[in-house]
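Take a look at the structure below.
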Amino acid sequence: MHVALYLAAALAVFSMADAALVRGEDGRLRTAEAVATLMGDADTNRKCHTQNGDYLSSLTAGKYASSSFHKCFRTDAQIFEFLDALATQNANVVTKFQISTTYKGLPIWAYKISTGTRSKALYTQSLQHAREWIAGSSVVYTIASVLDDIAAKKPSPADTYDLVFVPIVNVDGYRITWSTKRLQRKNAHEVDLNRNWLTPIANPRPPPPSDETYPGVAYFSEKETQGLRDYIFAQQSTLAGFLDVHSFAGEVQLPYGDTKTPIGNGLDAKYKTLGDALSSAMGAYTTTLEWQMYLSYGCFEDWGQRYLNKPTLTIEMAGSDFTAPASSIVTSGQELYRGFYAFAKGVAKF
C-alpha cells in the first residue's frame, strides 16, 4: 500500500515537539520518515535480493556465516532454501523435519544438528511474532555459525548437545509481513501465538480479538502451538533448555511474565546467573524478569518453566523498531550466537 494512503486510512497524526508523528497499528509513534521505511521495508529487501541472489552456488563449508545470504532479510522460501542447502551439504549432521503446521496448512520446519550420540538437546525458536525479522535472521545466522565451527573443528554447543532450531514458527504471518502488512504480529487466524501457551494464571483484562495480544479462544487453540507442544512433550526427557527469540528490547528475559511472584526453590538465583551470562556474552543487553516489560499471559517462556521445569529464556534482540537495516543482520546474528553459546554452557550447570 502506498505510504500516503496507509497514513490516511490507518493512522492518526500527532504533533509533538514540532515534529509530526503518526501512531501505527502497533500503538507506537513514528516519524513520517520511519513510517516510510517501515512500509518500504519489503521492497527495499527485494531490491537487495536482486543484488545478492546467487548465494547457493557459493556456499562453502566453514564459511556459511559469511555468505551473501546474510546481506538481506529473506522470505520464508529463501530461508528454507538456504537451510536446506546447508542440510544437504551436511547430511551427516543436519536433519530437517516438520515439527508443526500453520493455520493455513503450511509446514513448520525444524532443523536438528547432531554430531554424535548426545543424551540431551537444546531447543531454539523464533518468529512467533511475524514482524520480528531480526529475530529470525539471527537464528539462521546462529545455525550457520554452529556449522562453521563444526567444520573448523572449533568448540561449539554441538559438542555437548543436539541442537533443534525452528527458525519460523509463524510462517503464515511471516508471509503477510512480506505482502500486505509489515507489522503483522499474529498468525493468519489473528491469534498471538505467544499468548496461546497454557498458563494457570488468567489475564484479569482479557484482550478482544482485535487486540494484537489476543490469545485465542483457548490455550493451544492454534495448530502452530499444538504441534510444537506435542513435539516438545514427546522429546521432554532429552530437551534440556529452551530459547524463544524476539525483538527489539535488547534484553534477556527470565520467567515469569504473568506474575511478579518468584519461582522459588532456588531457581530465581539460577536464572539470574544464567541470564547474566547471556547478557554479558551478547554485549549491551540487560537481564530482566519478563513481567518487567509488561505483564503477559500465555507465553512460551512461562510454559517451559512451569510445565517442563527446564531453563527457558526469552531473548529480545536489540534494536529501535521492528524494522532493522540489513547491515545489522550479521552483528545481531553474532550477538545471538554468543548468547546461544553462553546458554549451552549455563544449562549444563543449571
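Normalised size of segment 23-348, defined as Cα radius of gyration per 2.2 N^0.38 Å with N residues, equals 0.93. Each Cα pair under 8 Å and six or more residues apart adds its separation to the average, and for the chain the resulting relative contact order is 18 percent. Of Met282, Met293, Met317, Met39, the sequence from fewest to most neighbouring Cβ atoms within 10 angstrom is Met293, Met39, Met282, Met317. Principal axis extents of the C-alpha atoms in segment 54-177 (largest first, rounded to whole Å): 40, 35, 21. The residues Phe350, Phe80, Phe322, when put in order of fewest to most other Cβ atoms within 10 Å, stand as Phe350, Phe80, Phe322. How about segment 217-277: which trypsin sites (Lys or Arg not before Pro) there are in a DSSP loop, with at most 14 other Cβ atoms within 10 Å of their Cβ? Filter output for segment 217-277: Lys260.
Projecting the alpha carbon convex hull of segment 149-267 along each direction and taking the average yields 10.7 nm².
Near Asn52: Cβ cut-off under 12 Å, other residues only, Lys/Arg at +1 and Asp/Glu at -1. The net charge is +3. Note on segment 141-200: Kirkwood radius taken over Cα pairs, Stokes-Einstein applied at 37 °C and 0.692 mPa s, translational D equal to 229 µm² s⁻¹. Over the residues of the chain, the helix contribution to mean residue ellipticity at 222 nm works out to -11500 deg cm²/dmol, using -39500 (n - 2.57) for each DSSP H run of at least 4. Computed about the Cα centre, the dipole magnitude for segment 23-348 is approximately 360 debye when only Lys and Arg (+1) and Asp and Glu (-1) carry charge, each at its Cβ. By the Cβ distance rule (another cysteine Cβ under 4.7 Å), the unpaired cysteines of the chain are Cys299. Here segment 230-343 yields Rg over Rh of 0.97, to two decimals, using C-alpha coordinates and the Kirkwood radius. How large is the translational diffusion coefficient of segment 279-350 in µm² per second when you combine the Kirkwood radius over alpha carbon pairs with Stokes-Einstein at 20 °C and 1.002 mPa s? Rounded, D is 154 µm²/s.
FYI, it's all coordinate maths here, none of it is from the lab. Treat the numbers as computed from the prediction; the structure is a model and nothing was measured. Glycine also receives a Cβ, built like all others from the backbone with ideal geometry; neighbour counts cover every protein chain displayed.
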